[in-house]
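Please read the structure below before turning to the comments.
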Amino acid sequence: MVSFVRSADAAPSESGAYALLIALDSPLEVTAGRRRATLPQGVYVYCGSAKGAGGLRARLARHMRRDKPSHWHVDQVTAAGRTVGAWVFPGASECEVNDALAALPIPIEGFGSSDCKRCRSHLRFCPKGVRTSKPRSIVSMRR
């Protein structure tokens, strides 16, 4: 069942995928491998998966923490931005969630998807006017 959580404590401890909603209050320089880009101020959605111990709850707790070592591309964005919450998809794959967001622009190729042969990026930009509270493409995903 798809749900939106504002804190990691509200997420299930099972494995699955998530779409993390992050707000940047100012532009941010990021890198993904050799690619560099400046992300403009705005709202971003990062699609990821949680397959390890603690599942979605543990992975979201890490993303939502401010004091963490930088390990993944998205850590650049979560360290500088405000994590608003996440849609959680128990049992789903991050690529399925990313596919559901295909209409949203990709701000930097390869971001969060360096180990994925299917997706160009796992980071999406939400232009002004796009509703981020209940995007139709995510809510309509059935698992």
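The one condition from (1) closer than 19 Å to Ala8 by Cα; (2) modelled with pLDDT of 95 or more; (3) touching a Leu at 6+ places or on another chain (Cβ under 9 Å) that Thr132 does not meet is (2). Candidates Arg65, Arg34, Arg57, Arg6: the one that is surrounded by 15 or more Cβ atoms within 10 Å (Cβ to Cβ) and among the charged types (D, E, K, R) is Arg57.
Only one entry of Ser70, Ser26, Ser13 meets the criterion of being farther than 15 Å from Arg124 by Cα, among the polar types (S, T, N, Q), in contact with a Lys or Arg (Cβ under 8 Å, 6 or more places away or on another chain) and not in a strand (DSSP E or B), and that entry is Ser13.
Before we move on, is Ala102 small (Gly, Ala, Ser) and assigned to a helix (DSSP H, G or I)? The answer is no for Ala102.
For first residues located in region 18-32 and of a type in the set (Lys, Arg), partners that are buried (at least 17 other Cβ atoms within 10 Å of the Cβ) and at pLDDT below 95 and lie 6+ apart or on another chain with Cβ distances below 8 Å do not occur.
Results for (1) out of contact with any His (no Cβ under 9 Å at 6 or more places or on another chain); (2) more than 17 Å from Phe4 (Cα to Cα); (3) of a type in the set (Ser, Thr, Tyr), shown as yes or no for each residue.
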residue	(1), (2), (3)
Tyr46	no, no, yes
Ser49	yes, no, yes
His63	yes, no, no
Asp67	yes, yes, no
Gln76	yes, yes, no
Cys95	no, yes, no
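The values are calculated or read from the model by the stated rules, or taken from the named source; none is laboratory data. All values reported here derive from a predicted model rather than from experimental measurement. Methodologically, a virtual Cβ is constructed for each residue, glycine included, from the backbone with ideal geometry; neighbour enumeration extends over all protein chains shown.
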